[in-house]
Amino acid sequence: MRKKIIESFKQPLLKKNLMDLLVGGILMFFPIINFISLGFVYDKLKAGITLEKGKQKWDGNFKRYFIDGFYLSVLIFGYFLIPIFFLFLGVYFISILSHGEIVSLFLFRGLILIVFSTILFLISLYFLLFGICIYLEENSLKEAFNLKNVIDRIFLIPKEYTIVYILVVGVLMISIVILTLLLNWVTGLLLSGFLFFYDLLVISNLLIKFYPRKSVKVLLPL
């Protein structure tokens, strides 16, 4: 397992993959256009789950990548809808209802809501990872939100999945810390696309290597 994890982090940085990282990182920087980068990750992950041969490449079909990335973002937004609601509610309590007072019941309620939303984000992410894989495997958004199916897949590899989940949370948290604390806003803004696209590639590699597929199609020569 350790070898697979190390490979997942190293693959995006290999010389043959640097162009993918460069293009995807640049496109990831721009709102809406970043659907194209998401679509590239979508196709890469789908090819890995269905065991399609060949390296995923930027083939110029940005329209397909854009559509795939849009559907992937819809799925992600669906999982994070409730946490986002509580996050905005908490921000509203703090920024509007508290009237800037340090000692305020609304400020306290807002902080509680933000903490609660963070917990919900972590819970949603726990189910989202395999929810995405099931969506790509079944080609069905409905199945992606079938938590029973998602939990059944998780229970097939509970130990490995827990490690993968912790790694995913760790990678995302490190990127957020780097962008918000260790860099100034100009440098952070310029590097954000590359950093988060690298994170997505690492996460897709981890899921490809550890996702327990429902079935594998093998084409035999006639």
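Derivation of every value follows stated rules applied to the coordinates shown; laboratory data play no part. Predicted model, so just to flag it, every value in this text is computed and none were measured. Note that each Cβ is placed from the backbone with ideal geometry, even for glycine, and that neighbours are counted across all protein chains shown.
Here is how the numbers come out for the structure above:
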| read-out | value |
| --- | --- |
| Normalised contact order of region 2-210, rounded percent, pairs of Cα under 8 Å and 6 or more residues apart | 28 |
| Computed helical MRE - 222 nm, the chain, DSSP H runs ≥ 4 contributing -39500 (n - 2.57), nearest 500 | -24000 deg cm²/dmol |
| Nearest-ten-degree value, helix 62-92 long axis tilted from longest Cα axis of the chain | 30 |
| Residue pairs, from the table 4/46; 57/214; 10/63; 53/148; 46/214; 10/209, whose Cα atoms sit over 20 Å apart | 57/214; 10/63; 53/148 |
| Against the rule of thumb 2.2 N^0.38 Å, how large the Cα Rg of the chain comes out | 1.12 |
| Neighbour net charge for residue 153 - beta-carbon separation under 12 angstrom, K R +1, D E -1 | -2 |
| Trypsin sites (Lys or Arg not before Pro) within region 108-160: DSSP coil, no more than 11 neighbouring Cβ in 10 Å | none |
